[in-house]
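Here is the structure we will look at.
Values in this text are rule-based calculations from the coordinates and carry no lab data. Every value quoted in this text rests on a predicted model; they were computed, and no experiment measured them. FYI the Cβ positions are ideal-geometry reconstructions off the backbone, even for glycines, and counts take in every protein chain you see.
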Amino acid sequence: MISFVLTRLLRAIITILAVVTFAFVVLRMSGDPAQVMLGPDVPQDVIDAFRKAWGLDQPVWVQYLAYLKSIFTGDFGVSMRDKASALDLVLERVPATLQLTIPALILKLVIGIPAGIYAALHRQSFADRGVILLAILGFTIPSFVMGLILVLVFSIILGVLPSGGQDTWVHGILPTITMSIGGIGILARFSRSAMIEVMGQPFIRTASAKGLKWRDVVWSHALPNAAVPIVTIVGFMVGSLIAGAVVVESIFSWPGIGRLLIVSVSNRDLAVVQCILLVIAATMVVSNLIVDLLYGWLDPRLRSRAAH
Amino acid sequence: MGAAKSNLVELRDLKVAFDGVQVLHGIDLTVGRGEALGLVGESGCGKSVTWLAALGLLPGKAGVSGSVRLEGRELCGSPRSTLESVRGGRIAMIFQDPSSSLNPVLRIGRQITEALALHRGLRGDAARTEALRLMDMVGIPDARSRFDLYAHEFSGGQCQRLMIAMALAGEPDLLIADEPTTALDATIQAQILDLLIQLRAETGMATVFISHDLGAVSQVCERVCVMYAGRIVEQGTVEQLFAAPRHPYTRGLFDAIPRIDGPRQPLVPIPGTVPNPKHLPAGCAFSPRCSRVLQSCHTELPPLVPQGDGRLLACARPVPLALVIHAAKPRTPARIVESALQ
């Protein structure tokens with residue numbers, strides 16, 4: 001068990017390192033922050049001074065090593081625009097993002113999973129077909145289209161909900177719904193197919209042949225087995241609690257991480273972008289780690305395999 | 001067999017169709033109290049479907065009609081709660097693949113005590129004690145320390161023993177054993193058969209033994225039904241069928257058994273395969289594979305009728321009695337002859 005956790009941790013660190021490296025290289029290849037920050041008509045000596053001040057005159061590999069060294073000491077750099085700590089800038093945006101993504105995650109779970117399971121248990125029924133249709137619509141319509149449709153209907157036509165901003169909790173309703181619809185569809189589809197697969201297994205027939213009530217067959221015999229594939233998908237969703245809001249935050253002008261990311265990328269604010277990507281990678285990795293541990297708890301077969 | 005009042009289960013004209021394709025064409029079958037009945041035939045003949053249908057365990061798309069009576073009470077078409085009270089408590093069933101028939105994520109002990117709580121109201125320590133007794137009874141060594149293990153930590157044979165323990169938990173009047181030894185290797189097969197025989201002797205429960213292994217059937221059962229393509233084609237006592245199989249299909253099944261005594265002889269397989277229920281041949285379903293086929297067999301379905309010796313037979317041109325006595329007897333394995341002589 002300890003070696004299992006250690007290998008997972010090592011793998012997690014390597015993943016984060018890969019993300020950080022990739023972000024570092026791509027950002028430096030995709031544009032000059034001095035040009036973007038200072039504007040088009042700045043004299044060359046100003047640009048040179050800016051580069052020297054931020055260490056951009058050094059060779060890339062020297063910059064990279066310096067960056068790695070600083071993040072290992074907990075220093076995530078300084079924003080070129082605000083001259084503030086990049087980590088502080090990012091962390092102060094996290095609550096706003098979580099205000100949207102956590103309620104959205106809860107909606108996905110409490111609507112998606114029961115809908116999928118209900119559909120699986122009433123296969124070929126009207127409800128089942130309805131769930132499949134809505135699920136496909138839900139995850140095929142891109143969130144920016146869905147967001148605009150909802151704004152059109154609820155803000156412009158009906159005028160009952162605000163179309164942007166963060167002033168009250170009411171402002172959070174449309175972005176939360178927009179963000180959850182795709183996930184509800186995906187979870188409904190996954191829960192449905194996981195449940196259908198489990199309900200066809202011989203041990204379900206055994207449970208019925210034992211004389212168990214239908215309800216108990218479903219609750220105590222089928223659901224624990226369907227949990228493993230469902231947990232996988234939920235893990236992805238938890239992992240994108242931070243990253244999943246980029247598009248929706250932009251549509252609804254919600255001041256979260258996603259908007260900070262877009263602004264920082266267009267400003268070539270290197271330290272902030274790198275810090276955001278690091279935070280995103282870390283949440284993904286941590287949620288994957290939790291999912292791996294949950295697998296063992298949910299399925300004793302995986303537990304004994306991991307032990308060997 | 002026996003007077004009507006001693007019949008435990010009676011199937012009358014039981015029919016099953018999947019998506020409009022008829023797979024069971026009217027099965028009439030009785031199981032007496034404490035009796036051991038064998039159901040033989042190749043895969044796809046409807047042996048398992050018969051009993052899954054009787055217990056209402058087929059998927060919802062299956063169309064089941066006819067009558068299934070347990071001590072006179074109609075089960076076919078009865079509400080789910082009635083069937084649930086019968087399953088496990090009156091009629092228990094064990095299946096072909098024991099390893100996947102046990103829930104992989106629930107502890108074994110819990111799966112047995114669940115049945116005890118359901119049918120005998122036992123909970124807590126009482127349930128645990130009884131479950132350990134049952135595990136002991138079916139031959140799980142060191143039951144106490146293995147109570148909290150999972151199915152994958154037991155071998156296939158032990159999983160089948162656990163399935164049997166779980167079936168016994170409800171103290172059923174009838175145990176349906178659906179090819180219980182097919183997935184197991186030969187020595188384990190023999191142990192499981194011995195266990196079934198012993199448990200029946202101890203508890204007096206009736207057994208329906210579904211198998212394509214005639215040797216196993218002869219060890220466990222008193223009476224045998226041979227099924228082909230969703231119909232019963234021959235039915236009689238083990239002695240009758242083993243001494244003189246009359247239906248060419250029954251005879252074919254015997255000829256396909258490897259013999260363990262006497263000189264080596266090539267096996268005689270039955271040519272062809274079981275027909276697809278979607279495209280059943282006209283007339284007798286066995287006619288395309290039958291060595292004794294008549295012209296009329298291709299057009300007329302022979303009814304299942306009682307014979308002089310008490311057996312039931314559905315064949316227009318059965319194997320003559322005199323012929324089989326000479327031909328079949330030397331071919332039967334020694335243990336079968338032994339049981340036939342008992």
### Summary
With Rh as the Kirkwood radius over Cα pairs, the protein assembly as shown has Rg/Rh of 1.16
### Summary
For chain A, the charge dipole (Cβ of Lys, Arg +1; Cβ of Asp, Glu -1; about the Cα centre) points to a positive end, and the Cα of A:98, A:3, A:209 closest to that extreme belongs to A:209
### Query
Put a dot 7 Å past each Cα toward the Cβ at residue B:261 and residue B:65; how far apart are the dots in nm?
5.0 nm
### Task
Take the Cα gyration tensor of region B:128-196, multiply each eigenvalue by 5, square-root it, and list the three semi-axes largest first, rounded to whole angstrom.
19, 16, 10
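Shielding of B:87-95 by partners, i.e. mean partner chain Cβ atoms within 10 Å per residue?
Average neighbour count from other chains, rounded to a whole number: 4.
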### Query
What's the local net charge at residue A:96, with K and R +1, D and E -1, over the other residues with C-beta under 15 Å away?
-2
### Query
Among B:295, B:238, B:226, which residue has its Cα positioned farthest towards the positive end of the charge dipole of region B:226-306, with +1 placed on the Cβ of Lys and Arg, -1 on the Cβ of Asp and Glu, and the dipole taken about the Cα centre?
B:295
### Message
Treating only the Cβ of Lys, Arg, Asp and Glu as charged (+1, +1, -1, -1), what charge dipole size does chain B show about its Cα centre? Round to the nearest 20 debye.
### Response
480 debye
## Note on the structure
Using eta = 0.692 mPa s and T = 37 °C, Stokes-Einstein with Kirkwood Rh from Cα pairs puts D for region A:180-221, in µm² s⁻¹, at 289 µm²/s
### Query
Listing A:16, B:260, B:176 from the residue with the fewest other Cβ atoms within 10 Å to the one with the most, what is the order?
B:260, A:16, B:176
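Among DSSP beta bridges lying fully in the protein assembly as shown, give the percent that are antiparallel, nearest 5.
60 percent
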#### Entry: Likely footprinting exposure, A:113, A:177, fewest C-beta neighbours within 10 Å first
A:177, A:113
### Query
Taking the Cα atoms of region B:206-287 alone, what are Rg (to one decimal) and Dmax (as a whole number) in Å?
13.8, 42
### Farthest positive-ward along chain A dipole, Cα basis, beta-carbon charges - from A:155, A:236, A:190
A:190
### Query
What is the calculated FRET efficiency for residue A:219 to residue A:83, with r their C-beta to C-beta distance and R₀ = 51 Å, to the nearest 0.05?
0.35
### Query
log10 I(q)/I(0), Debye, Cα-only region A:137-206, no solvent, q = 0.18, 0.28, 0.29 Å⁻¹?
-0.72, -1.14, -1.17
## Note on the structure
A student applying the Cα gyration tensor rule (rounded when a/c is under 1.5; otherwise prolate if a/b is larger than b/c, oblate if not) would label chain A oblate
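Within the set A:213/B:47; A:108/A:213; A:213/B:278; A:210/B:278, which residue pairs have Cα atoms separated by over 27 Å?
Numbers: A:213/B:47 25 Å; A:108/A:213 29 Å; A:213/B:278 34 Å; A:210/B:278 32 Å.
The pairs that break the limit, which is 27 Å between Cα atoms, are A:108/A:213; A:213/B:278; A:210/B:278.
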### Message
Cα atoms only: what Rg and Dmax, in Å, come out for region B:60-183?
### Response
15.3, 47
### Query
Based only on the alpha carbon positions, what is the Kirkwood hydrodynamic radius of chain B, in angstrom?
21.0 Å
### Query
Helix B:186-203: angle to the longest alpha-carbon principal axis of chain B, degrees 0 to 90, nearest 10?
70 degrees
### Inter-probe distance in nm under a simple model that places probes 7 Å from Cα toward Cβ, at residue A:197 and residue B:152
1.4 nm
### Message
Which of A:126, A:4, B:286 has the fewest other C-beta atoms within 10 Å, and how do the rest follow up to the most?
### Response
A:126, A:4, B:286
#### Entry: Neighbour net charge for residue A:135 - beta-carbon separation under 12 angstrom, K R +1, D E -1
+3
### Summary
Taking Cα atoms only, Rg over Rh for region B:28-70 with Rh from the Kirkwood formula is 0.97
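How much FRET efficiency would the formula 1/(1 + (r/R0)^6) give for residue A:304 and residue A:10, where r is the Cβ-Cβ distance and R0 is 35 Å, rounded to 0.05?
Efficiency, from the Cβ-Cβ distance: 0.95.
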### Task
Kindly state, to the nearest 0.05, the FRET efficiency for residue A:44 paired with residue A:265, given R0 = 30 Å and r defined as their beta-carbon distance.
0.75
### Cα centre as origin, Lys/Arg/Asp/Glu Cβ charges: the protein assembly as shown dipole, Debye
1000 debye
#### Entry: Proximal charge balance of residue B:135 [Cβ under 13 Å; K/R count +1, D/E count -1]
+3
### Query
Taking only the alpha-carbon positions of region A:162-308 and ignoring solvent, what does the Debye formula give for the base-10 log of I(q)/I(0) at q = 0.12, 0.14, 0.17, 0.19 Å⁻¹?
-0.70, -0.84, -1.02, -1.13
### Task
Can you give me the span-like helices of chain A, meaning DSSP H runs with 30 Å or more of Cα extent along the axis and Kyte-Doolittle mean at or above -0.5?
A:2-29, A:86-107, A:173-199, A:270-298
## Note on the structure
Taking the convex hull of the alpha-carbon atoms of region A:57-159 and averaging its shadow over every direction gives an area in square nanometres of 12.3 nm²
